[in-house]
1. In Å, what is the Rg of the alpha-carbon atoms in the chain, and how long is Dmax?
2. Starting from the residue with the highest accessible area, list SER35, SER108, SER154 in decreasing order, probe 1.4 Å.
3. Might you tell me the accessible area per residue for the chain, computed with a 1.4 Å probe and given in Å²?
4. Would you mind checking LYS118/LYS156; LYS42/LYS90; LYS51/LYS153; LYS47/LYS153 for any pair whose Cα atoms are more than 29 angstrom apart?
5. Just by accessible area at a 1.4 angstrom probe, what is the order of TRP16, TRP28, TRP107 from largest to smallest?
6. Using Cα-Cα distances under 8 Å and only pairs 6 or more residues apart, what relative contact order does the stretch 1-98 have, in percent?
7. From the alpha carbon gyration tensor of the stretch 104-191, can you work out the equivalent ellipsoid semi-axes (sqrt of 5 times each eigenvalue) and give them in Å, largest to smallest?
8. Using 0.36 nm per residue of separation minus the Cα-Cα distance, give me the extension gain between ALA103 and LYS40 in nm, one decimal.
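The values are calculated or read from the model by the stated rules, or taken from the named source; none is laboratory data. In this text, all values refer to a predicted model and were calculated from it rather than measured experimentally. Cβ: placed from backbone, ideal geometry, glycine included. Neighbour counts: every protein chain shown. Accessible surface areas use protein heavy atoms only, side chains included; no ligands, DNA or RNA. Shrake-Rupley method; radii C 1.70, N 1.55, O 1.52, S 1.80 Å.
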Amino acid sequence: LNSRWYAGSGMFRHVWLETTDKLHLDEWDTYVDGSELINKGKDANVKVFAKVFNEDSRPSAGQLNVEIFNAQGDTVAHGAIDFDVPANAKDGMDVATELTVKAPQLWSVESPYRYMAKVSLVSSGEEKDALFIPFGIRTIRFTATEGFQLNGKSMKLRGGCVHHDNGLLGAAGIDRAEVRKVELLKAQGFN
(Lines give C-alpha, C1' and ligand atoms only; values in the text may rest on other atoms or scores of the structure.)
Protein backbone atom coordinates (compact mmCIF):
# COMPACT_ATOMS: atom_id res chain seq x y z
CA LEU A 1 0.00 0.00 0.00
CA ASN A 2 1.43 3.35 -1.00
CA SER A 3 -0.42 6.28 0.49
CA ARG A 4 0.48 9.41 2.41
CA TRP A 5 -2.12 8.48 5.03
CA TYR A 6 -1.00 4.89 5.62
CA ALA A 7 -0.29 4.67 9.37
CA GLY A 8 1.57 1.37 9.28
CA SER A 9 0.77 -1.60 11.42
CA GLY A 10 2.12 -3.45 14.39
CA MET A 11 3.99 -1.67 17.17
CA PHE A 12 5.31 1.69 16.13
CA ARG A 13 5.68 3.39 19.52
CA HIS A 14 7.66 2.45 22.64
CA VAL A 15 6.36 -0.63 24.44
CA TRP A 16 7.12 -1.71 28.01
CA LEU A 17 6.19 -4.85 29.88
CA GLU A 18 5.68 -4.12 33.56
CA THR A 19 5.38 -6.69 36.30
CA THR A 20 3.98 -5.76 39.69
CA ASP A 21 3.47 -7.14 43.15
CA LYS A 22 -0.05 -8.26 44.06
CA LEU A 23 -0.23 -5.00 46.02
CA HIS A 24 0.41 -2.26 43.48
CA LEU A 25 -0.40 1.11 41.92
CA ASP A 26 -1.45 1.82 38.35
CA GLU A 27 0.05 4.80 36.52
CA TRP A 28 -3.29 5.68 34.90
CA ASP A 29 -5.03 5.79 38.29
CA THR A 30 -2.39 7.97 39.98
CA TYR A 31 -2.70 11.73 39.60
CA VAL A 32 -0.83 14.78 40.94
CA ASP A 33 -2.65 18.14 40.98
CA GLY A 34 -0.42 21.19 41.50
CA SER A 35 -2.98 23.86 40.62
CA GLU A 36 -3.76 25.45 43.98
CA LEU A 37 -1.70 28.30 45.43
CA ILE A 38 -2.18 29.12 49.12
CA ASN A 39 -0.92 31.74 51.60
CA LYS A 40 -1.44 34.53 49.05
CA GLY A 41 0.48 32.61 46.39
CA LYS A 42 3.56 31.97 48.52
CA ASP A 43 3.01 28.21 48.75
CA ALA A 44 1.33 25.47 46.71
CA ASN A 45 -1.11 22.82 47.87
CA VAL A 46 -0.27 19.65 45.93
CA LYS A 47 -2.94 16.94 45.90
CA VAL A 48 -2.07 13.32 45.14
CA PHE A 49 -4.76 10.81 44.19
CA ALA A 50 -4.05 7.09 43.77
CA LYS A 51 -5.76 3.74 43.67
CA VAL A 52 -4.23 0.89 45.62
CA PHE A 53 -4.84 -2.50 44.02
CA ASN A 54 -4.64 -5.76 45.98
CA GLU A 55 -4.86 -8.94 43.95
CA ASP A 56 -4.03 -11.14 46.94
CA SER A 57 -6.55 -13.34 48.75
CA ARG A 58 -5.59 -11.61 52.03
CA PRO A 59 -6.17 -7.98 53.02
CA SER A 60 -3.13 -5.70 53.05
CA ALA A 61 -2.21 -2.69 55.14
CA GLY A 62 0.56 -0.19 54.71
CA GLN A 63 1.41 3.36 53.77
CA LEU A 64 1.16 5.40 50.61
CA ASN A 65 4.29 7.57 50.70
CA VAL A 66 4.68 10.70 48.59
CA GLU A 67 7.93 12.55 48.12
CA ILE A 68 8.21 15.65 45.92
CA PHE A 69 11.54 16.62 44.38
CA ASN A 70 12.46 19.89 42.68
CA ALA A 71 14.29 19.97 39.33
CA GLN A 72 17.64 19.71 41.14
CA GLY A 73 16.55 16.48 42.88
CA ASP A 74 16.11 18.00 46.35
CA THR A 75 13.12 16.90 48.47
CA VAL A 76 10.71 19.84 48.89
CA ALA A 77 7.77 18.00 50.50
CA HIS A 78 6.92 14.56 51.80
CA GLY A 79 4.04 12.83 53.50
CA ALA A 80 2.37 9.49 54.06
CA ILE A 81 -1.12 8.13 54.59
CA ASP A 82 -2.05 4.73 56.00
CA PHE A 83 -4.29 2.36 54.08
CA ASP A 84 -6.10 -0.92 54.67
CA VAL A 85 -7.11 -2.50 51.40
CA PRO A 86 -9.40 -5.54 51.37
CA ALA A 87 -8.54 -8.86 49.74
CA ASN A 88 -9.11 -9.20 45.99
CA ALA A 89 -9.45 -5.41 45.51
CA LYS A 90 -9.00 -5.66 41.75
CA ASP A 91 -10.97 -2.43 41.20
CA GLY A 92 -8.65 -0.59 43.59
CA MET A 93 -9.19 1.51 46.67
CA ASP A 94 -8.96 5.31 46.45
CA VAL A 95 -6.28 6.97 48.57
CA ALA A 96 -5.58 10.72 48.60
CA THR A 97 -3.27 13.09 50.43
CA GLU A 98 -2.14 16.72 50.24
CA LEU A 99 1.29 18.26 50.68
CA THR A 100 2.55 21.84 50.83
CA VAL A 101 5.41 22.99 48.62
CA LYS A 102 6.96 26.17 50.01
CA ALA A 103 7.84 28.98 47.58
CA PRO A 104 7.14 26.95 44.43
CA GLN A 105 8.59 27.78 41.05
CA LEU A 106 5.59 28.03 38.74
CA TRP A 107 5.33 26.23 35.42
CA SER A 108 4.74 28.49 32.41
CA VAL A 109 5.16 28.35 28.65
CA GLU A 110 8.33 30.44 28.92
CA SER A 111 9.70 28.50 31.92
CA PRO A 112 8.34 24.91 31.95
CA TYR A 113 9.67 24.07 35.44
CA ARG A 114 8.70 20.59 36.57
CA TYR A 115 8.73 18.79 39.88
CA MET A 116 8.82 15.01 40.33
CA ALA A 117 6.54 13.11 42.69
CA LYS A 118 7.55 9.67 43.91
CA VAL A 119 4.40 7.81 44.96
CA SER A 120 5.19 4.52 46.65
CA LEU A 121 3.43 1.70 48.51
CA VAL A 122 5.09 0.29 51.61
CA SER A 123 3.71 -2.78 53.33
CA SER A 124 5.39 -5.01 55.95
CA GLY A 125 8.44 -2.71 55.81
CA GLU A 126 8.96 -3.35 52.10
CA GLU A 127 8.39 -1.05 49.13
CA LYS A 128 5.90 -2.95 46.95
CA ASP A 129 5.54 -0.44 44.11
CA ALA A 130 6.62 3.08 43.15
CA LEU A 131 5.71 5.53 40.42
CA PHE A 132 7.58 8.69 39.41
CA ILE A 133 5.25 11.39 38.10
CA PRO A 134 6.55 14.67 36.61
CA PHE A 135 4.25 17.66 37.10
CA GLY A 136 4.18 21.44 37.09
CA ILE A 137 2.76 23.80 39.67
CA ARG A 138 0.56 26.41 37.98
CA THR A 139 -2.90 27.91 38.11
CA ILE A 140 -5.32 27.93 35.20
CA ARG A 141 -8.61 29.78 34.91
CA PHE A 142 -11.17 30.57 32.23
CA THR A 143 -13.51 33.56 32.46
CA ALA A 144 -15.91 35.18 30.02
CA THR A 145 -14.25 38.59 30.46
CA GLU A 146 -10.55 37.69 30.65
CA GLY A 147 -10.42 34.43 28.68
CA PHE A 148 -7.74 31.89 29.55
CA GLN A 149 -5.35 32.77 32.36
CA LEU A 150 -2.16 30.94 33.25
CA ASN A 151 -0.76 31.90 36.67
CA GLY A 152 -3.07 34.92 36.75
CA LYS A 153 -1.96 36.30 33.36
CA SER A 154 -4.22 36.32 30.29
CA MET A 155 -2.88 34.29 27.39
CA LYS A 156 -4.08 33.52 23.89
CA LEU A 157 -3.98 29.82 23.12
CA ARG A 158 -2.30 29.06 19.81
CA GLY A 159 -2.60 25.47 18.62
CA GLY A 160 -2.75 23.47 15.45
CA CYS A 161 -3.65 20.13 13.96
CA VAL A 162 -0.58 17.92 13.84
CA HIS A 163 -0.51 14.38 12.50
CA HIS A 164 1.04 11.65 14.61
CA ASP A 165 3.60 10.67 11.99
CA ASN A 166 6.84 12.39 11.07
CA GLY A 167 6.52 12.88 7.33
CA LEU A 168 9.12 10.92 5.41
CA LEU A 169 10.28 9.18 8.59
CA GLY A 170 6.92 7.41 8.80
CA ALA A 171 4.70 6.48 11.73
CA ALA A 172 7.42 5.04 13.98
CA GLY A 173 7.87 7.02 17.20
CA ILE A 174 11.43 8.38 17.05
CA ASP A 175 12.23 10.39 20.17
CA ARG A 176 14.34 13.08 18.50
CA ALA A 177 11.79 13.52 15.70
CA GLU A 178 9.00 14.10 18.25
CA VAL A 179 11.11 16.68 20.12
CA ARG A 180 12.02 18.42 16.84
CA LYS A 181 8.33 18.61 15.89
CA VAL A 182 7.57 20.46 19.15
CA GLU A 183 10.61 22.73 18.71
CA LEU A 184 9.40 23.73 15.24
CA LEU A 185 5.86 24.37 16.48
CA LYS A 186 7.12 26.55 19.34
CA ALA A 187 9.38 28.47 16.92
CA GLN A 188 6.28 29.25 14.84
CA GLY A 189 4.45 30.70 17.88
CA PHE A 190 2.36 27.71 18.96
CA ASN A 191 2.00 27.34 22.70
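1. 20.6, 61
2. SER154, SER35, SER108
3. 67
4. Check vs 29 Å cut-off fails for LYS118/LYS156; LYS42/LYS90; LYS51/LYS153.
5. Descending accessible area places them as TRP28, TRP16, TRP107.
6. Relative contact order for the stretch 1-98 comes out at 25 percent.
7. Three semi-axes, in Å: 31, 25, 11.
8. Contour length minus the Cα-Cα distance gives 21.6 nm.
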